[in-house]
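Contents: one structure, followed by commentary.
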Amino acid sequence: MVEDWKSYEPLIIPDIPNLHRIEVYEEHDGYRAFRRILDNPEEWSRTNVTNEVKAANIRGRGGAGFNAGLKWSFMPQPDERPRYLACNGDESEPGTFKDRNIFEFNPHLFIEGALIAAYAMSVDVIYVYIRGEYIDWVRIFEKAVEEAYEKGYLGEDILGTGIDIEMYTTYGAGAYICGEETGMLESLEGKRGYPRIKPPFPAQKGLWGNPTTINNIETLANVPLVINNGADWYQSIGAEDHNGPVLYGISGHVNKPGVYEYPAGMPVEDLIYDVAGGIRGNKELKALIPGGTSTPVLRADQLEGVSMDSNSLRDAGSMMGTAGMVVLDEDTDMVDLLWRITHFFHHESCGQCTPCREGTGWLEKVLLKIKNGEGEIKDLDLLLDMTTQMEGRTICALADAAAWPVRHTINRFRDEFEERCKKSVHAVA
Amino acid sequence: MTEQELAFTQDELDEIERIKAKFPTNKAATLRVLWVAQEKYGHVKPEVQNLVADTLDLPRSHVHGVASFYTQYYKEETGTYVLDVCTCLSCQVCGGYDILHHLEDELGIKAGETTEDGMFTIQEVECLGACGYAPMLQVTNGVYANNLTKEKVDKLIENLRKGKKPEFESMVMRQNEKRKKELSQ
Ligand SMILES: Cc1cc2nc3c(=O)[nH]c(=O)nc-3n(C[C@H](O)[C@H](O)[C@H](O)COP(=O)(O)O)c2cc1C
Ligand code: SF4
Ligand code: FES
């Protein structure tokens, strides 16, 4: 757990006015990591870069927390095929609103990170896929890409090294499932965002059948920090086994919602009460969804001593997800909340797999019944049973992501759900 | 509009060429060219989808499939302004439904409907990635209106009736004191 966070100075989004402009970014050591690699190709061979990033253990900030460098090492040896890096800026997990800050306030850090990743994996083309609703941020980001081209960091013969890397920005048109990595690849290919069956994994057969790695925007923004300061330094920030700076998106019933940058492993209570100013209207904390809709809700009494890192959250019974924390006060109606969550997943299921398409629909239907006071206790067990039938049986993890909140919210707030049911039984009888 | 009258201008065709250049296949440009078409016509009804398909030399069925999959494409004509109110997770618990219902009352329509004067369409949408600034809405796939109250919504409607859209609002991290100061200057 991190204790000395009060003196922490943001690294991903530092307090530097106009940092989104390339001259300002360069003045503050911007593109130094990338230049350093290009200037010392022996010390910083592609393998060495990958190994350094692997040693730093940058955990994927898109939700799954996978070691970025390790993922890069899955790319096959270069052959005649083109190679791609697809950067995931779909940011659609409810409760998550962090990557847009990178596009707006420090886009070059991300571009530099993506360039380093592209170098390490011998990638030819970087696609940056941004959700369509973020069109204002797309425009902002496109300007940064233009600047990077003008300065010679992108394009042909980068800084005279003979290396060619293109970066193309594109955007979606409204579909949560395009955040799932293979759904995103399909969307990039101009199709419906239907996730693909894995294997083959994208590193083997990704975009147009070619080797492709997918990383989240924030994940890649961490990369220049590692190259500039070393894996050991990076490992010294945050919690054991979960390192580096994290953009915490705090929303819900707090006095000062917003995105905050602090080390991984922040004490949950410090984030809620100190950083985000405590619960609105002096109410009591009821529960926390720690990292986006899919991560299991924790009751206030489960939060004592818990910190925002994968181990601590796992022990507490949840997950880090996207670190999009939704804080819920004592007045929150958990039945309404859960119904709305199932509505979301039902709406966003792409419909390819029967357990997901039908399952999310049934979850929503049964919860609506309970919400409307027409449910019976046995409906709760029916819901729990449905979650086990949905889990692990589908092409992508959306079905799991829909099942978990149902299971954990009912189990952790069973009384509240039963009360809704009982009342209805009396009323009907 | 009959199908014959639908056509892209030379400028639009140039833009489409620039989009195509980003990808190894024409198909990959589908989403972006649908966007170009929607910007031009305000919707992508079937005849507009056909124009996109023909321009990219793709099967019409492919473009129909894509247009129907993505929620931001308007498959029917909408009001001048489409108000996408988020009622998802964080917005739900911060009064997103109150905002939606207030709008419905003020405009005399339900979510999914358009006012008789053709000015406003209301839609209820999923998380727009502005959860810390809840409740919020998006105006016609464009600018976000954050931290809404009923008064703010009334003002927004009043302004939109006059053709005045809200401006892009930069949400600086509270930790970034210097940036905030600069922004307020
Ligand atoms: C249904 C679903 C939605 C997802 N949405 C996003 C998203 O919006 N943004 C994102 O970065 N990752 C999202 N992911 C995770 C991606 O599949 C993928 O793991 C991630 O982009 C990899 O990058 P990382 O390793 O850097 O985190 C989603 C996963 C699932 C199953
Ligand atoms: S699990 Fe659901 S969202 Fe994922 S591929 Fe299957 S139907 Fe689509
Ligand atoms: S829940 Fe409304 S913007 Fe995220």
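Some observations on this one:
- The range A:159-185, residues that are within 11 Å of ligand 2 (Cβ to nearest atom) and either at the interface with chain B (Cβ under 8 Å from one of its Cβ atoms) or among the charged types (D, E, K, R) (or both): A:Ala175, A:Tyr176, A:Glu180
- Candidate set from the range A:178-202 (those that are farther than 24 Å from B:Ile19 by Cβ and away from ligand 1 (no atom under 12 Å from the Cβ)); member that is most open to solvent (accessible area, probe 1.4 Å): A:Ile197
Each row is one residue, and each column tells you yes or no for (1) open to solvent by 40 Å² or more (accessible area, probe 1.4 Å); (2) within 13 Å of another protein chain (Cβ to nearest Cβ).
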residue: A:Gln235; (1), (2): yes, no
residue: A:Asn243; (1), (2): no, no
residue: A:Ser251; (1), (2): no, yes
residue: A:Lys256; (1), (2): yes, yes
residue: A:Pro267; (1), (2): no, no
residue: A:Asp270; (1), (2): yes, no
residue: A:Ala276; (1), (2): no, yes
residue: A:Leu288; (1), (2): no, yes
residue: A:Ser294; (1), (2): no, yes
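- Across the range A:347-395, the qualifying residues are those that are more than 10 Å from ligand 2 (Cβ to nearest atom) and within 14 Å of another protein chain (Cβ to nearest Cβ), and the one among them that is least open to solvent (accessible area, probe 1.4 Å) is A:Leu367.
- Condition broken by A:Asp136, with the remaining ones in (1) within 16 Å of ligand 3 (Cβ to nearest atom); (2) in contact with an Asp or Glu (Cβ under 8 Å, 6 or more places away or on another chain); (3) facing chain B (nearest Cβ under 8 Å) satisfied: (2)
- Residue match in the range A:83-92 (condition: facing chain B (nearest Cβ under 10 Å), more than 16 Å from ligand 1 (Cβ to nearest atom) and either out of contact with any Phe, Trp or Tyr (no Cβ under 8 Å at 6 or more places or on another chain) or open to solvent by 10 Å² or more (accessible area, probe 1.4 Å) (or both)): no
- A:Asn18 vs. criteria part of a loop (DSSP other than H, G, I, E, B), open to solvent by 10 Å² or more (accessible area, probe 1.4 Å), within 14 Å of another protein chain (Cβ to nearest Cβ) and among the polar types (S, T, N, Q): yes
- When residues of the range B:155-185 are limited to those that are open to solvent by 20 Å² or more (accessible area, probe 1.4 Å) and touching a helix residue (DSSP H, G or I) at 6+ places or on another chain (Cβ under 7 Å), the one farthest from the other protein chains (Cβ to nearest Cβ): B:Pro166
Rundown of residues vs (1) of a type in the set (Gly, Ala, Ser); (2) at positive phi; (3) buried (at least 17 other Cβ atoms within 10 Å of the Cβ), yes/no style:
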position: B:Val44; (1), (2), (3): no, no, yes
position: B:Gly65; (1), (2), (3): yes, no, no
position: B:Glu76; (1), (2), (3): no, no, no
position: B:Thr80; (1), (2), (3): no, no, no
position: B:Cys86; (1), (2), (3): no, no, yes
position: B:Leu100; (1), (2), (3): no, no, yes
position: B:Gly108; (1), (2), (3): yes, yes, no
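- Any chance B:Gln123 is out of contact with any helix residue (DSSP H, G or I) (no Cβ under 9 Å at 6 or more places or on another chain) and open to solvent by 10 Å² or more (accessible area, probe 1.4 Å): yes
- One residue alone among A:Phe97, A:Phe141 is more than 8 Å from chain B (Cβ to nearest Cβ), within 30 Å of B:Cys91 (Cα to Cα) and crowded, with 24+ Cβ neighbours inside 10 Å, and that residue is A:Phe141.
- Residue selected from the range A:154-177 under the condition in a loop (DSSP other than H, G, I, E, B) and open to solvent by less than 10 Å² (accessible area, probe 1.4 Å), by the criterion nearest to B:Gln38 (Cα to Cα): A:Ala173
- Residue within the range A:309-323 that is open to solvent by less than 20 Å² (accessible area, probe 1.4 Å), of a type in the set (Val, Ile, Thr) and in contact with a Gly (Cβ under 6 Å, 6 or more places away or on another chain) present: yes
- When residues of the range A:396-415 are limited to those that are near ligand 1 (Cβ under 10 Å from one of its atoms) and more than 14 Å from chain B (Cβ to nearest Cβ), the one most open to solvent (accessible area, probe 1.4 Å): A:Ala397
- Of the residues making up the range A:132-153, just one is under 30 Å from B:Glu167 (Cβ atoms) and in a loop (DSSP other than H, G, I, E, B), namely A:Lys151.
- Qualifying residue in the range A:85-102 (condition: more than 24 Å from B:Leu83 (Cα to Cα) and of a type in the set (Ser, Thr, Tyr)): no
- Residue that is nearest to A:Ala300 (Cα to Cα) [pool: residues in the range A:328-346 that are more than 9 Å from chain B (Cβ to nearest Cβ) and open to solvent by less than 10 Å² (accessible area, probe 1.4 Å)]: A:Met334
- Meets criteria (within 16 Å of ligand 3 (Cβ to nearest atom), in the same structural domain as A:His242 (by TED's automatic domain parsing) and in contact with an Asp or Glu (Cβ under 9 Å, 6 or more places away or on another chain)) for A:Thr342: no
- Residues of the range A:287-320 that are of a type in the set (Gly, Ala, Ser) and not in a strand (DSSP E or B): A:Gly291, A:Gly292, A:Ser294, A:Ala300, A:Gly305, A:Ser310, A:Ser312, A:Ala316, A:Gly317, A:Ser318.
- Candidate set: the range A:45-77, residues that are touching a Ser or Thr at 6+ places or on another chain (Cβ under 7 Å) and within 16 Å of ligand 2 (Cβ to nearest atom); chosen: the one farthest from A:Asn215 (Cα to Cα): A:Gly63
- The set of residues from the range A:65-82 being over 14 Å from A:Phe201 (Cα atoms) and more than 13 Å from ligand 1 (Cβ to nearest atom) comprises A:Gln77, A:Pro78, A:Asp79, A:Glu80, A:Arg81, A:Pro82.
Residue-by-condition table, conditions (1) in contact with a strand residue (DSSP E or B) (Cβ under 7 Å, 6 or more places away or on another chain); (2) in contact (Cβ under 8 Å) with a residue 12 or more places away in the chain:
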position	(1), (2)
B:Ala67	no, yes
B:Gly79	yes, yes
B:Ile99	yes, yes
B:His102	no, yes
B:Asp105	no, no
B:Asp117	no, no
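- Evaluated against (1) within 16 Å of ligand 3 (Cβ to nearest atom); (2) touching a residue at least 60 places away in the same chain (Cβ under 8 Å), A:Arg100 falls short on exactly one condition, (2).
- Only one of the listed residues (A:Asn228, A:Asn222) is open to solvent by 10 Å² or more (accessible area, probe 1.4 Å), at pLDDT 95 or above and not hydroxyl-bearing (Ser, Thr, Tyr). That residue is A:Asn228.
The values are calculated or read from the model by the stated rules, or taken from the named source; none is laboratory data. Keep in mind it's a predicted model, so treat the numbers as computed, not measured. Reconstructed Cβ throughout: ideal geometry from the backbone, glycine too, with neighbour counts over all protein chains shown. Surface accessibility is based on the protein's heavy atoms, side chains included, excluding ligands, DNA and RNA. Shrake-Rupley method; radii C 1.70, N 1.55, O 1.52, S 1.80 Å.
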